[in-house]
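The values are calculated or read from the model by the stated rules, or taken from the named source; none is laboratory data. It should be emphasised that the depicted structure is a prediction, and the values quoted were computed from it without experimental measurement. For neighbour counting, all protein chains shown are included, and Cβ atoms are generated from backbone atoms with ideal geometry for every residue, glycine included. What goes into the accessible areas is simple: the full protein's heavy atoms, side chains included, and nothing from ligands, DNA or RNA. Shrake-Rupley method; radii C 1.70, N 1.55, O 1.52, S 1.80 Å.
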Amino acid sequence: MAMIRYDYRSEVLELSTSLTACVPDAPPPPGGYPVLYLLHGLSDDATMWTRKTALERHLQACALPLLVVMPQAHRSYYTDEAHGIDHWTHVTAEVPAIVSRTFRVSAERGDTFAAGLSMGGYGAMKWALREPERFGAAASFSGALGLAQRTVDPRAAGALDARLWDTVFDGRDVTGTEHDLLWLLESSSKDTLPPLRVTCGTDDPLLAENERFIASARELGLDPAVDLGPGAHTWDYWDAQLQSFLAWLPAAQRGPAGA
């Protein structure tokens, strides 16, 4: 298995950046490699999944010859920033285009996945809910799934830093917009969404907003895969959940929405 750091100039960001890719040893299947976009958290970068988890070992045990792509999004909440640069467009449009022309990857919906931790869990769910036709499955590990509701009042517990909120969202209340996962859920047709997986540790400060997202999904007739068990907002927990997610993917591929 090859671990590649891919340096390039982003036309969207108008600067040089990089992504990390984990490439299987096995040759690609006839249709190309299935691809997982694995998104990092708020304080991380494109290398953290490879530095803090046993990603390579988990992939070797995985039933899929999976290409894993880890893009760079800084502290953007996977958003085209109000007073910054267009990280959403970069990750969701430019990065897949780079991957498609660099690696032999499948163009099938059922072979394309998104997952992430914390901020990256928010990003993965946001991507899957906004562009469900692109994905065979999506997952969040300890995701900031109630971001919009949690930060409406900057004085509230767990609110984002005011300067960051201003940079990313212009200091606005983003409930009921494309940045609000609960609104995106309500606006979606359950028949169009890919299989979703939501996991969070019971000692994680984000547990309540994950429970609210799960409850909202179920009220809308969705049936996300859920794992709310022992764990905190730590790499030990995310490493274990990454392994569980990779084991779940083949079953997700066989599901009706992932076909």
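Based on DSSP H runs of at least 4 residues, each adding -39500 (n - 2.57), what is the mean residue ellipticity at 222 nm of the chain after dividing by all its residues, to the nearest 500 deg cm²/dmol?
On the way: 9 runs with 84 residues, N = 259.
Theoretical 222 nm ellipticity from helices: -9500 deg cm²/dmol.
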Where GluC sites (Glu not before Pro) in DSSP loops with at most 13 other Cβ within 10 Å are excluded, longest remaining stretch of the chain: 15-259
Taking every other residue with Cβ under 13 Å from the Cβ of residue 246 and scoring Lys and Arg +1, Asp and Glu -1, one gets 0
Of all accessible surface on the chain at a 1.4 Å probe, what whole percent is carbon and sulfur? 48 percent
Of 36, 213, 189, which is farthest towards the positive pole of the chain's charge dipole, taken about the Cα centre with +1 and -1 on the beta-carbons of Lys, Arg and Asp, Glu respectively? 36
Computed about the Cα centre, the charge dipole of the chain from +1 Lys/Arg and -1 Asp/Glu charges at the Cβ has a magnitude in debye, to the nearest 20, of 540 debye
Could you state the principal axis extents of the C-alpha atoms in the chain, from the largest down, to the nearest angstrom? 52, 41, 34
Along each principal axis, Cα extent of the stretch 9-67, largest first, Å: 36, 27, 14
What Rg and what Dmax come out for the stretch 65-166 when only alpha-carbon atoms are used, in angstroms? 14.8, 48
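Taking the Cα centre of the stretch 161-224 as origin, sum charge times position over the Cβ atoms of Lys and Arg (+1) and Asp and Glu (-1), and report the length of that vector in debye to the nearest 20. Present the calculation step by step, with values, prior to reporting the outcome.
Values: 6 positive and 14 negative charges, 35 e Å.
Dipole about the Cα centre, nearest 20: 180 debye.
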Over the stretch 164-259, average the accessible area per residue using a 1.4 Å probe and give it in Å², no decimals. 47 Å²
